[in-house]
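Structure, as structure tokens:
Only the coordinates and a few stated rules stand behind these numbers; no lab work does. All values derive from a computational prediction rather than experimental measurement. For neighbour counting, all protein chains shown are included, and Cβ atoms are generated from backbone atoms with ideal geometry for every residue, glycine included.
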Amino acid sequence: MFEIFGLPAQALFSQLLLGLINGSFYALLSLGLAVIFGMLNIINFSHGAQYMMGAFAAYLLLNGFDLPIPQFSQGPSASWLPAIVFKHIDPGLNYWWALILAPIIVGMTGIVIERLFLKHLRNLDPLYGLLLTFGLALVIQGLFQNVYGSSGLPYQVPNALREGRHLGFMYLPNYRAWVIVFSLLVCLTTWFAIERTRLGSYLRAATENPILVRAFGINVPRMITLTYGIGVGLAGLAGVMAAPIYNVSPLMGSDLIIVVFAVVVIGGMGSIMGAILTGFALGIVEGLTKVFFPEASNTVIFVIMAIVLLVRPAGLFGRTA
Amino acid sequence: MERVLKPALLSRRRETPRSLVVAFAATVMLLAVAPFVVYPVFLMKALCFALFACAFNLLIGYVGLLSFGHAMFFGWASYLAAHAAKVWALPPELAVVVGTATAAILGIIAGGLAIRRQGIYFAMITLALAQMMYFFALQAKFTGGEDGIQGVPRGRLFGLFDLSHEMTMYACILVVVLGGFLVIYRIINSPFGEVLKAIRENEPRTVSLGYKTERYKLVAFVLSATFAGLAGSLNALVFQLASLTDVHWTMSGDVVLMTLLGGLGTVFGPLIGAFVIVAMENYLAPFGQWVLVIQGAIFVVCVLVFRRGIVGEIAHGLRVQL
């Protein structure tokens, strides 16, 4: 085994891999935040909770769940309150189904949230959007903690990706390779859809000037709703991919979202590609820090944020406000 | 666009509106009688949080800056105050000074970084910096990690008053918190405070009038951090404990909620909000995570239909300033 900077290459590369994995999640999440911010002009604080929902959706699709069904009793002794009967539902759908269904489910809840709440905040200070989504994040997290506790639930790596391969300098588990490749693919597809397609051009135009785009006969409110649904769906997708790596836990999103905020501040939300690149780059930096200076691995991204604010306040890819 | 706040009443009157004088007198009387009726430790906790929320309100209510990281000032002040009282064996008044000074220094650094961006970015930056300070607290030796600093001695105030008596401690907290409340009120209604409100209403125009708004924002941020630190130091003495809870982001969320529920930019709102939320957390504690759900729901309701907050609605209904 050869060494780099006095460290076994094995350790270096495995931390780099872990960094790339984290980086894929940072990229996917900050991408979603940037898409939502562009259209709705709010920062979606519940993004972490929705990422957690994605992971839980995968877990529940596989392991089943108890659906509460209200039952109205009949006859003379009928009470006004329905009795709650729990019906066990066991879809038994595996990882690959979850990869398709979970983002759709989470995206649908996002559409409901947009229609019910966020729609009413259009003309208010964007800070209210932040406060509202923060409240939603607390509600979602609290509900899941009530039902599933705070400890993690295990989720198996799908059978097809259980093996790994020796690359000569390190061991590469197939699932981790898959996460990196697939999230890169999703990021690039999203970038392509926004920057290179007709629908994306409507989206960018509506970001710049919604009134004018409406005048051209495009249903901007519906576009806003769908954008929120898709941004949130991306968070859900990240959650599904994270489930086999980290445990599925109600708390998995709350600390992550703060790091993602720092990533967004570093990259600036002006550009989609910027969000993707910053996400991956910071994941790698974090991984390297874990090798050379483990005590700082929790804080390195925040320190980088402070330095970027000093040197380039608008962020690396940001336009000046 | 509706702003975070209604435009300030640009009254030329020098004297304080009568509604505020009456409300303050009523508050003082209530708080003087309260410890004979309600558990004093609960009241002291609520008072510390009231001061914390007032400090936070100074920033959101009068400069329009939403800080999501005020737990770092509260928590780190409480760590340093606890450490000073326990390890350095300083008297309580000096321990509080040490804690408050820590928060002020942190405020200069965090504020200097955060005011480089506006609006939503400001909130995210303060949150991220606070998370960094949380990890520092988790890793530093003197903070005691998960255990925190326990068994902090309350000591004797000025060598005279034994603070281990609940009533003496309560009187002391009451005086300091009301003092802080009055100082914050004075700051808001000073010429300096008027410039802050101008920044809130229209920053570019304030710049064009020749004010160096960056400096004003930084001073306001440091003042807010300092008072948050004062609240944190007092809290450490009351509970004889400084722990990770005090620096966690949930604490930052709590103070935002208190101020929002009480009424952003109102004088008494943070006070009322703090009492309501502390009472709620107290009584709902046995119900586990439902507290989180209810807090979140309050956020949602406040933002959607109740943006003036409790005190704001009352003041609006009675057409007075509160």
Original post:
Rounded to the nearest 0.05, what FRET efficiency do A:I100 and A:L172 have when you use their Cβ-Cβ distance and R0 = 45 Å?
Top reply: 0.95
Subject >> C-alpha center-to-center spacing [region A:131-150, region A:51-67] in angstrom >> reply: 15
Original post:
What is the mean number of Cβ atoms from other protein chains located within 10 Å of the Cβ atom of each residue in peptide A:120-133, rounded to a whole number?
Top reply: 6
Original post:
Given the protein assembly as shown, what percent of its DSSP beta bridges are antiparallel, to the nearest 5?
Top reply: 95
Subject >> Helix axis angle, B:40-60 relative to chain B longest principal axis, alpha carbon, degrees >> reply: 40
**OP:** Could you pull out every residue, at least 5 positions away or on a different chain, whose amide H is within less than 5 Å of the one on A:V248? Hs are placed 1.01 Å off N in the peptide plane, and Pro or chain starts have none.
**Re:** A:L153, A:Y155
Subject >> Placed amide H near A:G164: partners under 5 Å, 5+ positions off or other chain >> reply: A:N174
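Where nothing but the Cβ of Lys and Arg (+1) and of Asp and Glu (-1) is charged, how large is the charge dipole of region B:17-318 around its Cα centre, in debye to the nearest 20?
Using only the charged Cβ atoms, the result is roughly 680 debye.
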Original post:
If each residue's Cβ is checked for other Cβ atoms within 10 Å, how do B:W249, A:W178, A:W96 rank with the fewest at the top?
Top reply: A:W96, A:W178, B:W249
**OP:** State, as an integer percentage, the relative contact order of region B:109-229 based on alpha-carbon contacts under 8 Å between residues 6 or more apart.
**Re:** 20
Subject >> Spread of Cα-to-Cα distances over 10 Å intervals beginning at zero, given as percent, for region B:17-318 >> reply: 7, 28, 36, 23, 6, 0
**OP:** For chain A, set up a Gaussian network in which alpha carbons nearer than 10 Å are linked by springs, and say which option among A:G110, A:G268, A:G135 fluctuates the most.
**Re:** A:G135
**OP:** Place the peptides B:72-78, B:237-243, B:26-32 in order of packing, highest mean first, counting for every residue the other Cβ atoms within 10 Å and averaging per peptide.
**Re:** B:72-78, B:237-243, B:26-32
Subject >> C-alpha long axis of helix B:92-114 to longest principal axis of chain B, angle in ° >> reply: 40
**OP:** Whole Å is fine, so just give me how far the alpha carbon centre of region A:292-317 lies from that of region A:14-41.
**Re:** 16
Original post:
Working out 0.36 nm times the residue gap between A:R204 and A:E163, then minus their Cα-Cα distance, what length gain in nm do you get to one decimal?
Top reply: 10.5 nm
**OP:** Note the full-extension length gain between B:F192 and B:E146 as 0.36 nm times their separation in residues minus their Cα-Cα distance, in nm to one decimal.
**Re:** 12.4 nm
Original post:
Semi-axes of the equivalent ellipsoid of the protein assembly as shown: what are they in whole Å, largest first, if each equals the square root of 5 times a C-alpha gyration tensor eigenvalue?
Top reply: 41, 29, 28
Original post:
Based on the alpha-carbon gyration tensor of chain A and its eigenvalue square roots a ≥ b ≥ c, which shape applies: rounded if a/c is under 1.5, prolate if not and a/b is larger than b/c, or oblate?
Top reply: oblate
Original post:
Along its principal axes, what span do the Cα atoms of region B:180-322 show, with the longest given first and each in whole Å?
Top reply: 54, 38, 25
**OP:** With runs of 4+ DSSP H residues as the only contributors, calculate the mean residue ellipticity of chain A at 222 nm using -39,500 (n - 2.57) per run, divided by the residue total and rounded to the nearest 500.
**Re:** -21500 deg cm²/dmol
Subject >> Protection proxy ranking, peptides B:223-235, B:136-148, average beta carbon neighbours within 10 Å, highest first >> reply: B:223-235, B:136-148
**OP:** Could you list which residues have their amide H under 5 Å from that of A:Y171, counting only those 5 or more apart in sequence or on another chain, with H placed in the peptide plane?
**Re:** none
Original post:
Using helices alone, what [θ] at 222 nm do you get for chain B, with -39,500 (n - 2.57) per DSSP H run of 4 or more residues, divided over all residues and rounded to the nearest 500?
Top reply: -23000 deg cm²/dmol
Subject >> Backbone N within region B:145-186 under 14 Å of label point (7 Å from B:A89 Cα along the Cβ vector) >> reply: B:153, B:155-156
**OP:** Before anything else, pin down the relative contact order of chain A: Cα pairs under 8 Å, at least 6 apart, normalised by residue count, whole percent.
**Re:** 35
Original post:
By how many degrees, between 0 and 90 and to the nearest 10, does the Cα long axis of helix B:166-188 differ from the longest principal axis of chain B?
Top reply: 20
Original post:
Any idea how many Lys pairs in chain B come in under 21 angstrom at the alpha carbon, given 8 or more places apart or on separate chains?
Top reply: 6
Original post:
B:L223: net charge of surrounding residues, Cβ under 12 Å, Lys/Arg +1, Asp/Glu -1, itself excluded?
Top reply: +2
Original post:
How high is the FRET efficiency from A:A215 to B:V175, r the C-beta distance, R0 60 Å, rounded to 0.05?
Top reply: 0.45
**OP:** Report, in whole Å, the centroid distance computed from the Cα atoms of region B:152-174 and region B:16-79.
**Re:** 19
Subject >> Label-point separation, A:N63 to B:E313 (7 Å along Cα→Cβ), nm >> reply: 4.1
Original post:
So, in nm, how far is label B:R156 from label A:K119 when the simple model puts each one 7 Å beyond its Cα toward the Cβ?
Top reply: 6.8
**OP:** Give a residue-ordered list of calculated ³J(HN,Hα) values for region A:176-185 (Karplus: 6.51 cos²θ - 1.76 cosθ + 1.60, θ = phi - 60°; whole Hz; x for Gly, Pro).
**Re:** 5, 4, 4, 4, 5, 5, 5, 5, 4, 4
